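One structure is given below, encoded as structure tokens.
Computed from the coordinates by the stated procedures, all read-outs in this text should not be read as laboratory data. Just so you know, these numbers come straight off a predicted model, no measurement behind them. Positions of Cβ are generated from backbone atoms using ideal geometry, with glycine treated the same way; all protein chains shown enter the neighbour counts.
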Amino acid sequence: MTSSRSTILAALRGAQRKPTLILLCSTVLMLVWRYYGTPEALVPRFAAAGGGDGRAAGAAAGFAACFLLLGVLPALLVRFVLGERLADYGLGPGATRAAWLSLVAGCPVFLAASWFASRDASILEKFPINPHADASAAAFALHAATYLLFYAGWEFHFRGFLLFGLRPAIGDANAVLVQAMASSLLHIGSPASETFGAILGGLFWGALALRTGSLLPGLGQHFLLGIALDAFIFLGRDG
């Protein structure tokens, strides 16, 4: 234990300071969100406090917690501890033409994936995370806005903080693999189709972020995948 601690402390003071800090902080932040900040963790708390089922408030709070823990805190670390530009971590337009072409070209594929997923019984057991989002147009708009926060935090953490942060130390291919592994493992407990799909998504969106230099195409596609899934489930109920 002492040897491991001294090894990590030495790495934090040496040439490997940046990747060591990124991997250590990422591990802690992912676990804090997983155990204390997910909608599943927060729904019972809101239900106990408010007397209802707590799912709408728990979902919104979980999405905001993801944005804060996986997005905002790593961004602050990049800017004020590592002293680097957020633009170098994908927060910018990147290669604008390639980014927009990639975003638009992928939309039909992800819409189709959402439609097929909305017919999967195991997916229907978990989604929509906020089952009350179809109460009105305003309720769905609020759900979409908070859900976007979730995806923004998620994409920055994996395709920004981990991917762009680790690539100088381990190379492009390994950086893509590490962030895909981390994001996929955070899906454990979800339906198998979603978890294994996360491997493909992590690889694809990681490579896309490297190609375009921006998180925006992957963020747009990932958000479309999630919000379209909810919309198709709600429409299926109405039908």
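Quick rundown of the values:
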| item | result |
| --- | --- |
| Inter-part distance where segment 170-193 and segment 87-154 are each reduced to a Cα centre, Å | 18 Å |
| Radius 12 Å from Cβ of L70, net charge of other residues (Lys, Arg +1; Asp, Glu -1) | +1 |
| Under the Karplus curve 6.51 cos²θ - 1.76 cosθ + 1.60, θ = phi - 60°, whole-Hz ³J(HN,Hα) for segment 163-174, x wherever Gly or Pro sits | 5, 6, x, 8, 4, x, 8, 10, x, 4, 4, 5 |
| Footprinting exposure proxy for V72, V28 (fewest neighbouring C-beta atoms within 10 Å first) | V28, V72 |
| MRE, 222 nm, helices only [DSSP H, n ≥ 4, -39500 (n - 2.57), over the chain, to nearest 500] | -22500 deg cm²/dmol |
| 3J(HN,Hα) from dihedral phi, segment 36-47, Karplus parametrisation 6.51/-1.76/1.60, rounded to Hz, x for glycine, proline | 10, x, 6, x, 4, 6, 8, 4, x, 5, 5, 5 |
| Net length gained if the chain between A87 and C107 were fully extended (0.36 nm per residue, minus Cα distance) | 4.7 nm |
| Burial ordering of D230, D53, fewest other beta-carbon atoms within 10 Å first | D53, D230 |
| Mean projected area in nm² (Cα convex hull; one quarter of hull surface) for the chain | 14.4 nm² |
| Among F127, G83, L111 - extreme Cα towards positive end, dipole of segment 2-238, charges at beta-carbon | G83 |
| Charge tally in the Cβ shell below 14 Å around F161, where Lys, Arg are +1 and Asp, Glu are -1, F161 excluded | +2 |
| Dipole moment magnitude, nearest 20 debye, the chain about Cα centre, only Lys, Arg, Asp, Glu C-beta charged | 800 debye |
| For segment 2-238, with +1 on Lys and Arg beta carbons and -1 on Asp and Glu, the positive-most of P191, L215, Y151 along the dipole | L215 |
| Distant-in-sequence amide H partners of G213 (H built 1.01 Å from N, under 5 Å) | A95 |
| Ranked H157, H132, criterion: other C-beta atoms within 10 Å, fewest first | H132, H157 |
